[in-house]
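These notes are about the structure you will find just below.
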Ligand SMILES: C[S@@+](CC[C@H](N)C(=O)[O-])C[C@H]1O[C@@H](n2cnc3c(N)ncnc32)[C@H](O)[C@@H]1O
(Lines give C-alpha, C1' and ligand atoms only; values in the text may rest on other atoms or scores of the structure.)
Protein backbone atom coordinates (compact mmCIF):
# COMPACT_ATOMS: atom_id res chain seq x y z
CA UNK A 1 0.00 0.00 0.00
CA UNK A 2 2.78 2.42 0.93
CA UNK A 3 4.63 1.61 -2.30
CA UNK A 4 1.42 2.05 -4.33
CA UNK A 5 0.83 5.44 -2.62
CA UNK A 6 4.35 6.54 -3.46
CA UNK A 7 3.98 5.58 -7.12
CA UNK A 8 0.56 7.26 -7.32
CA UNK A 9 2.02 10.53 -5.96
CA UNK A 10 5.01 10.29 -8.30
CA UNK A 11 2.60 9.74 -11.22
CA UNK A 12 0.67 12.91 -10.36
CA UNK A 13 3.90 14.95 -10.23
CA UNK A 14 5.19 13.31 -13.41
CA UNK A 15 2.08 14.43 -15.31
CA UNK A 16 2.27 17.88 -13.64
CA UNK A 17 5.98 18.34 -14.43
CA UNK A 18 5.59 20.17 -17.79
CA UNK A 19 3.39 22.80 -16.06
CA UNK A 20 5.10 22.84 -12.65
CA UNK A 21 5.94 26.48 -11.76
CA UNK A 22 5.33 27.36 -15.43
CA UNK A 23 1.82 28.87 -15.16
CA UNK A 24 2.99 32.42 -14.35
CA UNK A 25 2.24 31.97 -10.63
CA UNK A 26 5.32 32.19 -8.37
CA UNK A 27 5.09 29.66 -5.56
CA UNK A 28 7.73 26.90 -5.48
CA UNK A 29 10.59 29.01 -6.88
CA UNK A 30 10.52 31.73 -4.19
CA UNK A 31 9.91 29.20 -1.42
CA UNK A 32 12.67 26.92 -2.73
CA UNK A 33 15.09 29.83 -2.95
CA UNK A 34 14.24 30.70 0.67
CA UNK A 35 15.04 27.11 1.70
CA UNK A 36 18.42 27.19 -0.06
CA UNK A 37 19.26 30.56 1.52
CA UNK A 38 18.21 29.27 4.93
CA UNK A 39 20.62 26.35 4.56
CA UNK A 40 23.55 28.82 4.66
CA UNK A 41 25.44 26.90 1.98
CA UNK A 42 29.10 27.65 1.39
CA UNK A 43 31.25 27.23 -1.72
CA UNK A 44 32.65 23.71 -1.96
CA UNK A 45 29.88 21.98 0.01
CA UNK A 46 28.13 18.81 -1.19
CA UNK A 47 24.37 18.88 -0.92
CA UNK A 48 21.54 16.44 -1.64
CA UNK A 49 18.03 17.76 -2.44
CA UNK A 50 15.41 15.03 -2.00
CA UNK A 51 12.14 15.42 -3.95
CA UNK A 52 13.86 18.20 -5.90
CA UNK A 53 11.00 18.81 -8.36
CA UNK A 54 12.10 21.24 -11.06
CA UNK A 55 14.99 22.54 -8.96
CA UNK A 56 13.32 25.30 -6.90
CA UNK A 57 15.96 24.83 -4.20
CA UNK A 58 18.44 22.64 -6.07
CA UNK A 59 19.38 25.33 -8.60
CA UNK A 60 19.99 28.11 -6.03
CA UNK A 61 21.81 25.52 -3.89
CA UNK A 62 24.05 24.61 -6.85
CA UNK A 63 24.77 28.30 -7.40
CA UNK A 64 25.65 28.71 -3.69
CA UNK A 65 28.05 25.76 -3.47
CA UNK A 66 29.67 26.65 -6.82
CA UNK A 67 31.70 24.44 -9.15
CA UNK A 68 34.02 23.34 -6.32
CA UNK A 69 30.97 21.76 -4.64
CA UNK A 70 28.27 19.37 -5.78
CA UNK A 71 24.49 19.62 -5.82
CA UNK A 72 22.64 16.34 -6.33
CA UNK A 73 18.88 16.10 -6.70
CA UNK A 74 16.61 13.08 -6.64
CA UNK A 75 12.93 12.83 -7.48
CA UNK A 76 10.65 9.89 -8.16
CA UNK A 77 8.92 11.69 -11.05
CA UNK A 78 10.88 11.21 -14.29
CA UNK A 79 9.37 14.38 -15.81
CA UNK A 80 10.74 16.47 -12.94
CA UNK A 81 14.20 14.94 -13.30
CA UNK A 82 14.31 15.56 -17.07
CA UNK A 83 13.11 19.18 -16.73
CA UNK A 84 15.68 19.91 -13.99
CA UNK A 85 18.51 18.31 -15.96
CA UNK A 86 17.59 20.44 -18.99
CA UNK A 87 17.54 23.62 -16.88
CA UNK A 88 20.93 22.77 -15.32
CA UNK A 89 22.41 22.31 -18.81
CA UNK A 90 20.86 25.59 -19.96
CA UNK A 91 22.48 27.38 -17.01
CA UNK A 92 25.84 25.60 -17.40
CA UNK A 93 25.68 24.08 -13.91
CA UNK A 94 27.96 21.09 -14.56
CA UNK A 95 28.21 20.32 -10.83
CA UNK A 96 24.42 19.81 -10.57
CA UNK A 97 23.36 16.19 -11.05
CA UNK A 98 19.78 15.00 -10.95
CA UNK A 99 18.46 11.47 -11.09
CA UNK A 100 15.40 9.37 -10.40
CA UNK A 101 15.42 8.25 -6.77
CA UNK A 102 13.22 7.67 -3.75
CA UNK A 103 13.40 10.38 -1.05
CA UNK A 104 12.53 7.65 1.45
CA UNK A 105 15.55 5.50 0.60
CA UNK A 106 18.28 7.64 -1.02
CA UNK A 107 21.08 5.44 -2.26
CA UNK A 108 24.39 7.23 -1.54
CA UNK A 109 27.44 6.44 0.62
CA UNK A 110 27.37 7.21 4.34
CA UNK A 111 28.56 10.67 5.47
CA UNK A 112 28.82 11.89 1.88
CA UNK A 113 26.92 15.22 2.21
CA UNK A 114 27.32 18.47 4.16
CA UNK A 115 23.60 19.25 3.88
CA UNK A 116 20.40 17.50 2.88
CA UNK A 117 17.50 19.69 1.69
CA UNK A 118 13.86 18.57 1.54
CA UNK A 119 11.47 21.22 0.24
CA UNK A 120 7.74 20.55 0.70
CA UNK A 121 8.16 16.80 0.32
CA UNK A 122 8.47 15.01 3.67
CA UNK A 123 4.69 14.95 4.20
CA UNK A 124 4.28 12.92 0.99
CA UNK A 125 6.44 10.07 2.25
CA UNK A 126 4.60 7.06 3.70
CA UNK A 127 7.54 6.44 6.07
CA UNK A 128 9.02 9.85 6.92
CA UNK A 129 10.82 8.49 10.04
CA UNK A 130 12.75 6.00 7.85
CA UNK A 131 13.61 8.82 5.43
CA UNK A 132 14.95 11.04 8.21
CA UNK A 133 17.09 8.20 9.59
CA UNK A 134 18.53 7.75 6.10
CA UNK A 135 19.38 11.47 5.86
CA UNK A 136 21.26 11.26 9.19
CA UNK A 137 23.32 8.40 7.75
CA UNK A 138 24.11 10.35 4.56
CA UNK A 139 25.27 13.46 6.43
CA UNK A 140 28.78 13.91 7.76
CA UNK A 141 28.95 14.55 11.54
CA UNK A 142 27.85 18.16 12.06
CA UNK A 143 26.01 18.17 8.71
CA UNK A 144 22.55 19.72 8.55
CA UNK A 145 19.12 18.76 7.38
CA UNK A 146 17.05 21.71 6.12
CA UNK A 147 13.40 21.15 5.34
CA UNK A 148 10.24 23.07 4.58
CA UNK A 149 6.70 22.09 5.51
CA UNK A 150 3.37 23.87 5.83
CA UNK A 151 2.29 25.38 9.15
CA UNK A 152 -0.88 24.81 11.16
CA UNK A 153 -4.17 25.40 9.31
CA UNK A 154 -5.35 28.92 10.27
CA UNK A 155 -8.95 30.10 10.63
CA UNK A 156 -8.55 31.96 7.33
CA UNK A 157 -7.33 28.71 5.68
CA UNK A 158 -10.33 26.83 7.08
CA UNK A 159 -12.72 29.43 5.72
CA UNK A 160 -11.00 29.39 2.30
CA UNK A 161 -10.99 25.58 2.09
CA UNK A 162 -14.66 25.50 3.01
CA UNK A 163 -15.54 27.84 0.11
CA UNK A 164 -13.16 25.95 -2.17
CA UNK A 165 -14.85 22.66 -1.24
CA UNK A 166 -18.29 24.15 -1.91
CA UNK A 167 -17.21 25.45 -5.33
CA UNK A 168 -15.59 22.21 -6.48
CA UNK A 169 -17.69 19.71 -4.49
CA UNK A 170 -20.39 19.24 -7.16
CA UNK A 171 -17.75 18.02 -9.64
CA UNK A 172 -15.75 15.72 -7.37
CA UNK A 173 -16.54 12.09 -6.48
CA UNK A 174 -17.63 11.60 -2.86
CA UNK A 175 -14.59 11.38 -0.55
CA UNK A 176 -13.66 7.79 0.39
CA UNK A 177 -14.78 6.51 3.78
CA UNK A 178 -11.90 6.99 6.27
CA UNK A 179 -10.18 3.69 7.03
CA UNK A 180 -9.60 3.32 10.80
CA UNK A 181 -5.90 3.46 11.65
CA UNK A 182 -4.82 4.84 8.27
CA UNK A 183 -2.39 7.80 8.29
CA UNK A 184 -3.66 11.36 7.82
CA UNK A 185 -3.58 12.69 4.25
CA UNK A 186 -0.30 14.33 3.19
CA UNK A 187 -1.70 17.86 3.53
CA UNK A 188 -2.44 17.21 7.22
CA UNK A 189 0.97 15.78 8.16
CA UNK A 190 3.89 17.50 9.93
CA UNK A 191 2.10 20.80 10.41
CA UNK A 192 3.21 21.40 14.01
CA UNK A 193 6.62 22.12 15.52
CA UNK A 194 6.06 19.23 17.94
CA UNK A 195 5.57 16.72 15.13
CA UNK A 196 8.80 17.89 13.50
CA UNK A 197 10.78 17.72 16.75
CA UNK A 198 9.53 14.17 17.27
CA UNK A 199 10.38 13.16 13.71
CA UNK A 200 13.86 14.68 13.77
CA UNK A 201 14.78 13.48 17.25
CA UNK A 202 13.70 9.98 16.19
CA UNK A 203 16.22 10.22 13.33
CA UNK A 204 19.01 11.15 15.75
CA UNK A 205 19.08 14.88 14.90
CA UNK A 206 19.71 17.64 17.46
CA UNK A 207 19.69 21.44 17.57
CA UNK A 208 16.30 21.73 15.84
CA UNK A 209 15.46 25.34 14.88
CA UNK A 210 12.41 26.85 13.23
CA UNK A 211 11.60 29.92 11.17
CA UNK A 212 8.19 30.63 9.68
CA UNK A 213 7.93 32.43 6.37
CA UNK A 214 4.77 33.98 4.93
CA UNK A 215 4.18 33.95 1.19
CA UNK A 216 1.42 35.53 -0.87
CA UNK A 217 0.69 33.61 -4.05
CA UNK A 218 -0.44 36.22 -6.55
CA UNK A 219 -2.73 35.52 -9.49
CA UNK A 220 -2.68 38.00 -12.36
CA UNK A 221 -6.14 36.81 -13.48
CA UNK A 222 -8.70 34.61 -11.66
CA UNK A 223 -8.56 32.06 -14.54
CA UNK A 224 -4.91 31.35 -13.67
CA UNK A 225 -5.99 29.53 -10.53
CA UNK A 226 -7.35 26.56 -12.53
CA UNK A 227 -4.07 26.01 -14.38
CA UNK A 228 -2.10 26.44 -11.17
CA UNK A 229 -4.10 23.69 -9.44
CA UNK A 230 -3.20 21.31 -12.28
CA UNK A 231 0.50 22.16 -12.08
CA UNK A 232 1.43 20.48 -8.76
CA UNK A 233 0.12 18.11 -6.08
CA UNK A 234 -3.52 19.31 -6.27
CA UNK A 235 -3.55 17.78 -9.74
CA UNK A 236 -4.28 14.45 -8.03
CA UNK A 237 -7.68 15.83 -7.01
CA UNK A 238 -8.29 17.75 -10.25
CA UNK A 239 -7.86 14.57 -12.30
CA UNK A 240 -10.91 13.10 -10.60
CA UNK A 241 -13.18 15.77 -12.14
CA UNK A 242 -14.88 14.26 -15.22
CA UNK A 243 -13.69 15.95 -18.43
CA UNK A 244 -17.24 16.99 -19.37
CA UNK A 245 -17.40 19.04 -16.12
CA UNK A 246 -14.13 20.91 -16.61
CA UNK A 247 -15.70 24.08 -18.07
CA UNK A 248 -18.23 24.37 -15.24
CA UNK A 249 -15.67 23.55 -12.53
CA UNK A 250 -13.25 26.11 -14.00
CA UNK A 251 -15.99 28.75 -14.04
CA UNK A 252 -16.92 28.00 -10.40
CA UNK A 253 -13.30 28.36 -9.29
CA UNK A 254 -12.77 31.51 -11.32
CA UNK A 255 -15.78 33.13 -9.64
CA UNK A 256 -14.56 31.99 -6.22
CA UNK A 257 -11.08 33.46 -6.74
CA UNK A 258 -12.46 36.76 -8.08
CA UNK A 259 -14.78 37.07 -5.07
CA UNK A 260 -12.69 35.69 -2.23
CA UNK A 261 -9.03 36.36 -2.99
CA UNK A 262 -9.18 40.03 -3.89
CA UNK A 263 -7.33 42.37 -1.53
CA UNK A 264 -8.04 46.02 -0.84
CA UNK A 265 -5.37 47.00 -3.37
CA UNK A 266 -7.24 45.07 -6.08
CA UNK A 267 -4.71 42.24 -6.48
CA UNK A 268 -5.67 38.57 -6.20
CA UNK A 269 -3.64 36.56 -3.73
CA UNK A 270 -3.66 33.56 -1.44
CA UNK A 271 -1.66 33.73 1.80
CA UNK A 272 0.26 30.72 3.02
CA UNK A 273 3.01 30.19 5.57
CA UNK A 274 5.78 27.64 5.42
CA UNK A 275 8.05 26.48 8.20
CA UNK A 276 11.78 26.23 7.56
CA UNK A 277 13.41 23.77 9.94
CA UNK A 278 17.09 23.05 10.40
CA UNK A 279 18.55 20.18 12.42
CA UNK A 280 22.07 18.94 12.90
CA UNK A 281 23.54 15.47 12.81
CA UNK A 282 25.62 15.28 16.04
C1 LIG B 1 5.59 19.76 -3.81
S2 LIG B 1 6.85 19.13 -4.82
C3 LIG B 1 8.29 19.99 -4.20
C4 LIG B 1 9.42 19.94 -5.19
C5 LIG B 1 10.59 20.85 -4.87
N6 LIG B 1 11.26 20.44 -3.67
C7 LIG B 1 10.13 22.27 -4.80
O8 LIG B 1 10.24 22.87 -3.73
O9 LIG B 1 9.65 22.77 -5.83
C10 LIG B 1 7.09 17.49 -4.21
C11 LIG B 1 8.09 16.72 -5.04
O12 LIG B 1 8.40 15.51 -4.34
C13 LIG B 1 8.46 14.47 -5.28
N14 LIG B 1 8.24 13.22 -4.55
C15 LIG B 1 7.11 12.77 -3.95
N16 LIG B 1 7.34 11.59 -3.34
C17 LIG B 1 8.65 11.30 -3.57
C18 LIG B 1 9.48 10.20 -3.21
N19 LIG B 1 9.03 9.17 -2.48
N20 LIG B 1 10.77 10.23 -3.60
C21 LIG B 1 11.25 11.25 -4.35
N22 LIG B 1 10.50 12.30 -4.73
C23 LIG B 1 9.21 12.32 -4.34
C24 LIG B 1 7.42 14.80 -6.30
O25 LIG B 1 7.63 14.11 -7.52
C26 LIG B 1 7.59 16.31 -6.41
O27 LIG B 1 8.54 16.64 -7.38
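Find the residue count for segment 118-138, including only residues that are touching a strand residue (DSSP E or B) at 6+ places or on another chain (Cβ under 8 Å) and part of a loop (DSSP other than H, G, I, E, B). Talk me through it step by step, then tell me what you get.
Of the residues in segment 118-138, the ones touching a strand residue (DSSP E or B) at 6+ places or on another chain (Cβ under 8 Å) are 118-123, 131-132, 135-136, 138.
Next, from what is left, pick out any that are part of a loop (DSSP other than H, G, I, E, B): 120-121.
Of the residues in segment 118-138, 2 are touching a strand residue (DSSP E or B) at 6+ places or on another chain (Cβ under 8 Å) and part of a loop (DSSP other than H, G, I, E, B).
Every condition in (1) more than 9 Å from the ligand (Cβ to nearest atom); (2) over 20 Å from residue 126 (Cβ atoms); (3) assigned to a helix (DSSP H, G or I) is met by residue 4 except one, and the failing one is (2).
Yes/no per residue for (1) in contact (Cβ under 8 Å) with a residue 40 or more places away in the chain; (2) away from the ligand (no atom under 11 Å from the Cβ); (3) outside any helix (DSSP H, G or I):
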| position | (1), (2), (3) |
| --- | --- |
| 74 | no, no, yes |
| 89 | no, yes, no |
| 94 | no, yes, yes |
| 144 | yes, yes, yes |
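Scanning segment 169-180 for residues being surrounded by fewer than 18 Cβ atoms within 10 Å (Cβ to Cβ), touching a residue at least 24 places away in the same chain (Cβ under 8 Å) and assigned to a helix (DSSP H, G or I) gives a total of 1. Filtering segment 103-122 to residues that are touching a residue at least 40 places away in the same chain (Cβ under 8 Å) and more than 9 Å from the ligand (Cβ to nearest atom) leaves 108, 112, 113, 114, 115, 116, 122.
From the set of residues in segment 57-72 that are under 15 Å from residue 29 (Cβ atoms) and in contact with a strand residue (DSSP E or B) (Cβ under 6 Å, 6 or more places away or on another chain), which is nearest to the ligand (Cβ to nearest atom)? Once the filter is applied, the top-ranked residue is 57. Flag: residue 257 does not match the condition of being more than 16 Å from the ligand (Cβ to nearest atom), in contact (Cβ under 8 Å) with a residue 40 or more places away in the chain and in contact with a strand residue (DSSP E or B) (Cβ under 9 Å, 6 or more places away or on another chain).
Taking the criterion of being in contact with a strand residue (DSSP E or B) (Cβ under 6 Å, 6 or more places away or on another chain), part of a loop (DSSP other than H, G, I, E, B) and buried (at least 24 other Cβ atoms within 10 Å of the Cβ), the only residue of segment 34-50 that qualifies is 39. Give the residue that is modelled with the highest pLDDT, with candidates limited to residues of segment 7-22 that are more than 8 Å from the ligand (Cβ to nearest atom) and farther than 29 Å from residue 216 by Cβ. Within segment 7-22, the match that is modelled with the highest pLDDT is 11.
Scanning segment 37-56 for residues that are more than 10 Å from the ligand (Cβ to nearest atom), in contact with a helix residue (DSSP H, G or I) (Cβ under 6 Å, 6 or more places away or on another chain) and within 23 Å of residue 125 (Cα to Cα) gives a single hit, 47. For residue 241, the conditions (1) under 16 Å from the mean Cα position of the chain (by Cα); (2) assigned to a loop (DSSP other than H, G, I, E, B) all hold with the exception of (1). Taking the criterion of being surrounded by 21 or more Cβ atoms within 10 Å (Cβ to Cβ) and under 17 Å from residue 190 (Cβ atoms), the residues of segment 137-150 that qualify are 145, 146, 147, 148, 149. From the list 25, 98, the lone residue that is closer than 25 Å to residue 219 by Cα, touching a strand residue (DSSP E or B) at 6+ places or on another chain (Cβ under 7 Å), more than 8 Å from the ligand (Cβ to nearest atom) and outside any helix (DSSP H, G or I) is 25.
Contact map, segment 8-24: residues that are on the phi > 0 side of the Ramachandran plot paired with residues that are surrounded by fewer than 18 Cβ atoms within 10 Å (Cβ to Cβ) and modelled with pLDDT under 95, Cβ distance under 6 Å, separation 6+ or inter-chain. No pairs are found.
The values are calculated or read from the model by the stated rules, or taken from the named source; none is laboratory data. Values in this document were obtained by computation on a predicted structure and should not be read as measured data. Virtual Cβ from ideal backbone geometry, glycine too; neighbours counted across all protein chains shown.
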